[in-house]
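The structure appears right after this line, and notes come after that.
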Amino acid sequence: MSITIAVAGNPNSGKTTLFNALTGSNQYVGNWPGVTVEKKEGILIGHPEVVLVDLPGIYSLSTNSLEEELARDYLLESNPDAIINIVDGTNLERNLYLTTQLAELGIPMVLAVNMMDEVEKSGAKIDGAALGNAFGVQVVEISALRETQIDELARIATQAAQKKGHFLPLHRFSGGVEHALGHIEEVALHQQPEHKQRWYAVKLFERNELVEAELSLSAELKAHIEQDIRQCELEYD
Ligand code: BGO
């Protein structure tokens, strides 16, 4: 049985260092379809059945940059079995914006908090359990550079991927926003697979034009959704 795990993270989070540590020399390089952006894949050391796909370094999945489009299309269309999301532990808050968006995709995910050597040197501590609970994912604290906890990350990610299941996103927004998202799912998204509905609802709530076009929403439906969004804008100023 072949398993695919996508590796996603911000630029400079240590993604290339991690990818090399996880795959060694078992890498092959091609291009993403239709563009000249490099696509790297590799076999996970110790797990010959697992293919790792290195996604472009990105800050979010919301903009129209080529890298974000490639990552988003891959994650939505190729249905990898899991995501390893690498975040820079010395810059956690900024990195978690992407994490929130990845968690909405309904794909099993493991959070690799990197640069723990630097975090420890600074005397800071990361509450991995609280972080994991907030997103409903497992957290592994690693140093890609020093190769600490890399085998543990590989083991946990493979385990998550082997379940070949979907994951219902756990992260919750404020009450009014959740109400709007629920309503958007109900009026516009009931034909989409259940695990993807939240992703689409959040994107429609963000007035993401790519997603609006992809779903071919009628003007009437768009107006309906716009009412939900405006209501929240009023409520939360
Ligand atoms: C340079 N710990 C520490 N301390 N550094 C790390 C770790 C870690 O666990 N993981 C990665 N780095 P990329 P993207 C560099 O290149 O993998 C460092 O963009 C330098 N280079 O070594 O490239 C890694 O693929 C000169 O640092 O990230 C690299 O996500 C001086 O984080 C940087 C200092 O890693 C980015 C660092 C000429």
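The values are calculated or read from the model by the stated rules, or taken from the named source; none is laboratory data. Here the structure is a predicted model, which means the values were calculated and not measured. A quick note on method: Cβ atoms are made from the backbone with ideal geometry, for glycine too, and the neighbour counts reach across all protein chains shown. Accessible surface is based on the protein model in full, side chains and every heavy atom, while ligands, DNA and RNA are left aside. Shrake-Rupley method; radii C 1.70, N 1.55, O 1.52, S 1.80 Å.
As an exercise, take the mean of 1/r over every pair of distinct alpha carbons in the stretch 120-169, invert it, and state the Kirkwood radius in angstroms.
This gives a value of 12.6 Å.
With a 1.4 Å probe and every protein chain kept in, tell me what percent of the accessible surface of the stretch 139-179 is carbon plus sulfur.
Details: 1200 of 2420 Å².
It is 50 percent, rounded to a whole number.
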Task: Whole-number accessible area per residue in Å² for the stretch 55-189, which is evaluated in the context of all protein chains at 1.4 Å - done: 45
Task: Percent of C-alpha pairs per 5 Å bin, the stretch 1-60, short to long - done: 4, 19, 28, 26, 16, 6, 1
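Share of Cα-Cα pairs in the chain beyond 21 Å, in percent? Spell out each step's value before the answer.
Details: 16118 of 27966 pairs.
In whole percent, the long-distance tail amounts to 58.
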- [ ] Two decimals is fine: what's Rg over Rh for the stretch 22-121, C-alpha atoms, Kirkwood radius as Rh?
- [x] 0.97
- [ ] Report the normalised scattering of the stretch 165-215 as log10 I(q)/I(0) at q = 0.22, 0.29 Å⁻¹, calculated by the Debye formula with identical scatterers on the alpha carbons.
- [x] -0.81, -1.25
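Return the FRET efficiency for the residue pair N26, Q227: r is the Cβ-Cβ distance, R0 is 45 Å, and the value is rounded to the nearest 0.05.
It comes out at approximately 0.30.
Calculated FRET efficiency, E49 and E120, Cβ-Cβ r, R0 45 Å, to nearest 0.05?
Details: r = 34 Å, r/R0 = 0.75.
Rounded to the nearest 0.05, the efficiency is 0.85.
In deg cm²/dmol and to the nearest 500, what is the mean residue ellipticity at 222 nm of the chain if only DSSP H runs of at least 4 residues count, each as -39500 (n - 2.57), divided by the residue total? If you can, show how the numbers build up before the last one.
On the way: 10 runs with 111 residues, N = 237.
Using -39500 (n - 2.57) per qualifying helix, the result is -14000 deg cm²/dmol.
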TODO: Let me know the Rg and Dmax you get for the stretch 118-237 when you use only its Cα atoms, in Å.
DONE: 19.2, 56
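Compute, for the chain, the length of the dipole vector about the Cα centre, with Cβ point charges of +1 (Lys, Arg) and -1 (Asp, Glu) only. Units Debye, rounded to 20. Walk me through the numbers before you get to the answer.
Working: 18 positive and 35 negative charges, 110 e Å.
Value, rounded to 20: 520 debye.
Nearest-5 percent of antiparallel DSSP beta bridges in the chain? If you can, show how the numbers build up before the last one.
Working: 10 of 30 bridges.
Taking every DSSP beta bridge within the chain, about 35 percent pair in antiparallel fashion.
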